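Here is the structure we will look at, set down as structure tokens.
The values are calculated or read from the model by the stated rules, or taken from the named source; none is laboratory data. All figures in this text were calculated on a predicted structure; none of them were measured in a lab. All Cβ positions, even for glycine, are placed from backbone atoms using ideal geometry, and neighbour counts span all protein chains on display.
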Amino acid sequence: MLKVSCGGKIPEGEVRGNCRDLLALAQALRTRNSVLVCATTGSAYPYDRLLGKIVVRWLREEVPRVTVVENSGELEIRGDPARLSTMADNIEALARGGVGGDHWHVEHIPGEPYVAAGSYPIAISLEIERVGT
């Protein structure tokens, strides 16, 4: 199950999961107005807290924006479906071709139209899968 951690001294968050979890996130980004329930137990370290869901909202012609919605405990990812599909392609490539511990930063870079200014920076991380535990 995906785990979304945020808050604290580190000014970013993390979405962590195994290959199957990240593929589900990629599919959610390609699906209009979808919701993924996330783990709310366990450690959020090195962050302060866990968020209970990821909400995807399609908004035509909008640069993707990542927001932590404090009152509902969710990570919202919204934007134009074509741009969210590009984000999904990158997450899918990480899930299919990455090794445990690999990650990809999703954050605003001035001059790049990939993620909107003011977005909450997150790292999408592929879990290290433990064998025999």
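Only residues that are β-branched (V, I, T) and either part of a loop (DSSP other than H, G, I, E, B) or over 15 Å from the mean Cα position of the chain (by Cα) (or both): list them for region 39-57, please.
Answer for region 39-57, where residues must be β-branched (V, I, T) and either part of a loop (DSSP other than H, G, I, E, B) or over 15 Å from the mean Cα position of the chain (by Cα) (or both): T40, T41.
Going through region 58-84 one residue at a time, which ones are of a type outside the set (D, E), over 13 Å from the mean Cα position of the chain (by Cα) and at negative phi?
Those that are of a type outside the set (D, E), over 13 Å from the mean Cα position of the chain (by Cα) and at negative phi: W58, L59, R60, V63, V69, N71, S72, P81, A82, R83.
Being of a type in the set (F, W, Y) and under 15 Å from G73 (Cα atoms) is the filter here, so list the residues in region 1-57 that pass it.
Y47
Please enumerate the residues belonging to region 99-120 that are touching a strand residue (DSSP E or B) at 6+ places or on another chain (Cβ under 7 Å) and surrounded by 18 or more Cβ atoms within 10 Å (Cβ to Cβ).
Hits for region 99-120 are V106, V115, S119, Y120.
Considering only residues that are surrounded by fewer than 17 Cβ atoms within 10 Å (Cβ to Cβ) and not aliphatic (A, V, I, L, M), which ones fall in region 82-97?
Within region 82-97, S85, T86, D89, N90, R96, G97 qualify.
Of all residues in region 11-38, count the ones that are more than 15 Å from S125 (Cα to Cα) and either out of contact with any Phe, Trp or Tyr (no Cβ under 6 Å at 6 or more places or on another chain) or in a helix (DSSP H, G or I) (or both).
11
Out of all the residues in region 122-133, is one or more in a helix (DSSP H, G or I), surrounded by fewer than 16 Cβ atoms within 10 Å (Cβ to Cβ) and of a type in the set (S, T, N, Q)?
No: zero hits.
Conditions tested, residue by residue: (1) under 21 Å from Y114 (Cα atoms); (2) at pLDDT 95 or above.
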position	(1), (2)
S5	no, yes
V15	yes, yes
R20	no, yes
S34	yes, yes
L50	no, yes
K53	no, yes
E62	yes, no
E74	no, yes
D80	yes, yes
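Could you tell me which residue of region 1-17 is nearest to S43 (Cα to Cα), considering only residues that are surrounded by fewer than 16 Cβ atoms within 10 Å (Cβ to Cβ) and in contact (Cβ under 8 Å) with a residue 40 or more places away in the chain?
G8
If only one of R83, R96, R60 is in a loop (DSSP other than H, G, I, E, B) and among the charged types (D, E, K, R), which one is it?
R60
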